[in-house]
Every structure is written in structure tokens, then in C-alpha cells.
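Heads up: the structure comes next, in C-alpha cells.
The values are calculated or read from the model by the stated rules, or taken from the named source; none is laboratory data. None of the values given here were measured: they were computed from a predicted structure. Backbone-built Cβ (ideal geometry, glycine too); neighbour counts: all protein chains shown. Surface accessibility is based on the protein's heavy atoms, side chains included, excluding ligands, DNA and RNA. Shrake-Rupley method; radii C 1.70, N 1.55, O 1.52, S 1.80 Å.
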Amino acid sequence: MNPEPVVAISAIEHFAYCPRQCALIHCDGVWSDNPHTVRGTRAHRRVDSGKHRTERGKRVLRGIPLWSESLGLTGRADVVEAKGEDIHPVEYKSGTRHGLAADLQLCAQALCLEEMLDVDVPCGSVWYGGPRRRVEVWFTASLRQQVKSIVAEIRDQLLTGRLPAAVNDGRCKECQLFHHCLPGPTSMSHRIERYMSEAVFGCDT
Ligand code: SF4
């Protein structure tokens, strides 16, 4: 048995958005909904409530459990399209694209499918509900390596309970944990300013 903590695939997206958000959710068990997460939950409920079916010769499988023994990963795919050995995961997002976060999550799903089914999974797709667009994602060597590095960093968070400093930038106003996190007082720049002021002037800010 692997004594190291198993990493949830969803944590990869949280870490890619903000490492502090990932630690708050996955180490400290903090959760709070905002309009973005409520929309996301509704969208996933719609996907999850659908049945497996066949479309144009392809099997469309919903809510498929995923795992990777080698990476210590577990999670679920919204949809996996399968035609023979052609396996194509699809992730549903209610909003718009935020950097590589969804690509990394989807790539982690592909790594699990490759290990589970012993097939190559070269690409998948993300459906963005905001623009109502399906975007193809190719799982390059670099994207795969980024997933593995992030999984290692998340596992380190789980083992140490380390809470990173707040990023305190444009991500915070969209963040579901804004009121739990207090990004201003917990940011690195605030900590440095406070340290300098105590060291130089010997007083609190
Ligand atoms: S409020 Fe900002 S720093 Fe805090 S978890 Fe969210 S994105 Fe990260």
C-alpha cells in the first residue's frame, strides 16, 4: 500500500489557480460557494445526470471513476468518449478559461486513463459554458510534466500542512475563499513590509 497521501484530481485545478486556495480546501477542509462555484455545481449536475449513450458510433460515458497507482491520483471524468482504442476525456466548465488550470486537470485524467486502460490518450477537450465553446487540448510532454510537478507539490502540502502566502492579485476577487483567506494581510508583500517595519522601526504596523 502507498503510505503517501492520495491527491484528488480536482486539487490540480485549485493549485493551478492559486496554491493557497488548494491548501485551504484540501489540507484545511475550507469550502465556500460563490456564484462561479454554484454555476459549476449546476453544470456538473446536468452532466452527471445524463446516461451513457452512443453518439455517431462513439460511446459517451459519464461520471467515470479514475485513478493512477503510479501517481497516487484519484478523481472522476465528467465524460469519456470512446471508440475502439480512441479514448477522449471531456471536462465541463461553466465559465471561461483561466490559464492552464482546466488543461492540467484534463491531462491528469488522461494520465489515469492511460494507466487504467493501457492505451495512449493524446488529447481531450474542455467545454466552456461561458462562450459555449469546446476547446481541444493536446497532452504534450511539457503539460504532462507540469501535472506531475503539481501533484508532487500538492502531496507536499498534504504532508506538511504548509499554507502558502496569499497571491493578493486579480485572482482574489473571483475566488470562492476570498473571505476565509484575507489575501491582503496574508500576502507575502504585506508580511515583508511588516517585517521591515518591525526590524527598522521596532514597531507594529
Ligand atoms: S483569495 Fe487570493 S490568495 Fe486567497 S485563496 Fe483565493 S486566490 Fe488565493
Let me cross-check residue 58: its accessible surface, 1.4 Å probe, with only protein heavy atoms counted, in Å² to the nearest 10?
60
Compare the Cα positions of 105, 141, 117 along the charge dipole of the range 79-152 (+1 at Cβ of Lys, Arg; -1 at Cβ of Asp, Glu; about the Cα centre) and return the one farthest towards the positive end.
105
Separation in nanometres of the label points that stand 7 Å from Cα toward Cβ, at residue 59 and residue 34
4.0
Taking 0.36 nm per residue of sequence separation and subtracting the Cα-Cα distance, how much length would be gained by fully extending the chain between residue 152 and residue 132, in nm to one decimal?
3.9 nm
When only Cα pairs under 8 Å and 6 or more residues apart are kept, what is the percent relative contact order across the chain?
23
Accessible area per residue, 1.4 Å probe, Å², for the range 61-131: what's the number?
40
What percentage of all Cα-Cα pairs in the chain are separated by more than 21 Å?
57
Using Cα positions and a limit of under 14 Å, work out the aspartates and glutamates in reach of residue 51, with same-chain residues fewer than 8 apart set aside.
78, 81
Along the charge dipole of the chain, Cβ charges K/R +1 and D/E -1, which of 159, 170, 195 sits furthest on the positive end?
170
How large, in percent, is the carbon and sulfur part of the accessible surface of the range 1-71 at a probe radius of 1.4 Å?
54
What dipole magnitude, in Debye to the nearest 20, does the chain give about its Cα centre under +1 on Lys/Arg Cβ and -1 on Asp/Glu Cβ?
980
What is the extension gain from residue 182 to residue 160, computed as 0.36 nm multiplied by their sequence separation minus the C-alpha to C-alpha distance, in nm to one decimal?
5.8 nm
Of 38, 19, 52, which is farthest along the charge dipole of the range 11-72 in the positive direction, counting Lys and Arg as +1 and Asp and Glu as -1 at C-beta?
52
